[in-house]
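One structure below.
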Amino acid sequence: MIYGMLQRLLLGTTFVLSVALQVGAQTFYRHWTPLPGIYNPSAGLGNGFRVSFVSVGVANSNVVWGIGGELPPTTAPPSSYVFNKWVRSTDGGTTWTTGNLQISTGYTVGQLVAIDAQTAFMLTYNGIGGGGEVRRTTDGGATWVNLNGPNQMNFTLAGSWPDAMTFFDANNGVVFGDPQPSVTGAFQVYTTADGGSTWTRVPAANLPAPIGADEYANIGSIAKIGSTVWVGGTNQGGGNARVFKSTNMGRTWTVGNTPFPDVLKIAFSTPTHGLIASAPDLASTTNGGTSFTTVAYSGPFYAQYDLASVPGRPGLYVATGYRDPLTTANDYGSVITSSSGFFWRQIDSTAVRYDLDIVSDNLGYAAGNNPNSAVGSPPGVHRAMWKNTQTFWFICDFLPSRVGSAAARREVYPNPSSNGQFTVDLPRGSQALNVFDALGRQVLARQLAGSAAGMIQVDLSRQPAGIYTLQISSETGVSHQKIQIE
């Protein structure tokens, strides 16, 4: 794992080409549809360079923004990348307006938050000497105004670093930054109640004190539900990271403990349940972030780039990143879970998507890399923005039958169980559920109403410890899985 400033600079700048995943004749890009028309499909930016977007922001079903920059035609060190581009669509990704960002020399772009077709915010920071900016456009991207100044913010000081930002509505927002003064000061946190025109620094008395000189927040590690916001931290001085939480739009803060030294990504699907990723490690909370417990998950999981919940679907999350260790381009991709992180399914591979913004169960966008025009199937099609309009819950339920047999192993957790209580994720069209002990005796029989699907509880608490067989009959066949009571 890369620590300190090097981690912040390089984690989001691992670039590879994106090509479609083929499984037989089935292409799983039907879930993430590449959006053409952002730049010339045959010439990239028209100068031989490609484009990569590192952050995407969705304002509503029609308006989406992205920020990023140029990638050279061939692999080059991170210093060769120029982050200077913005894009915007007001018709759901069908057509795009593009332009150049105004940021200070030596600065790179971080996180983007979209408000509407005219207004958006972005974080920028100086990766060498520190310092940062929050910039706002109110004219559809034509100008991006630096909000460092009187009655606004001050990230110009040595060691200042804006880490994460969110808006709760068009008026109320918060920016969470490193401690300032560096080492000895309080976290630099600002709130606005007038759409970003003025900002107020949160008093130190309303913030948890840093536990060391090397504790700060991770870039873009932020989640919100309603007026509650969570920010994932890191502790480079030893010990574990913390999660910072506010229930009043950033005006006062509490803190929760985690089992990891880094909280690279954080997402909440309900006010009480959330996940934190320090890929390949994962932890969950059921108490709103007061404490987190490591998840012993199964299936492919990676979230080095992003982790997002699906609004209105408790327990449903999407993540993007790469397998650890990273060996080939096939190790990149996106994964999905409907079991609060216990079981993960792969949506696709080889595509590099740095950022997700999922606004409903059937609408989400992803931002990432655009390959050279000679790459892709067909060549030149795959762009640096993707859109999904399929129901994420349906994708998660449908994937096993696409990538496996009709009797694909079902998801059961916890397994083993210490008390005989199991949660089973039923396949679509389930008709009956039976459980047999090690001698083949039936200990549970349940007929399922209609064509059931989704999570159900299985109570074997009256059975002794041992190995059992779970049998599920569905429209596509019969599956068997071993389960254990400890």
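By the Stokes-Einstein formula, at 0.692 mPa s and 37 °C, region 190-229 with its Kirkwood radius over alpha-carbon pairs has D equal to 259 µm²/s. Put the Cα centre of region 167-240 next to the Cα centre of region 294-340 and the gap is 26 Å.
Put simply, the C-alpha atoms of region 95-171 give a gyration tensor, and the ellipsoid matching it has half-axes of 21, 15, 11 Å, longest first.
Restricted to Cα atoms, region 103-146 shows a radius of gyration and a Dmax of 10.7, 34 angstrom. Across all directions, the average flat footprint of the convex hull enclosing the Cα atoms of region 411-485 is 4.3 nm². Computed packing ranks the peptides 341-350, 253-262 as 341-350, 253-262, most packed first, by mean other Cβ atoms within 10 Å. Listed values for region 168-177 are Karplus-derived 3J(HN,Hα) couplings in whole Hz (6.51 cos²θ - 1.76 cosθ + 1.60, θ = phi - 60°), namely 8, 7, 5, 9, 9, x, 8, 10, 10, x, and x replaces Gly and Pro. 3J(HN,Hα) along region 437-448, derived from phi through the Karplus expression 6.51 cos²θ - 1.76 cosθ + 1.60 where θ = phi - 60°, amounts to 7, 5, 9, x, 7, 6, 10, 8, 9, 9, 8, 9 Hz, with x in place of Gly and Pro. Cα-Cα pairs above 18 Å in region 273-355: how many percent? Looking at region 273-355, the distances longer than 18 Å represent 36 percent of pairs.
None of the figures in this text is laboratory data; all of them are computed from the coordinates on show. This one's a predicted model, so the numbers in the text were calculated from it and none came from an experiment. Here Cβ is always computed from backbone atoms with ideal geometry, including for glycine, and neighbour counts include all displayed protein chains.
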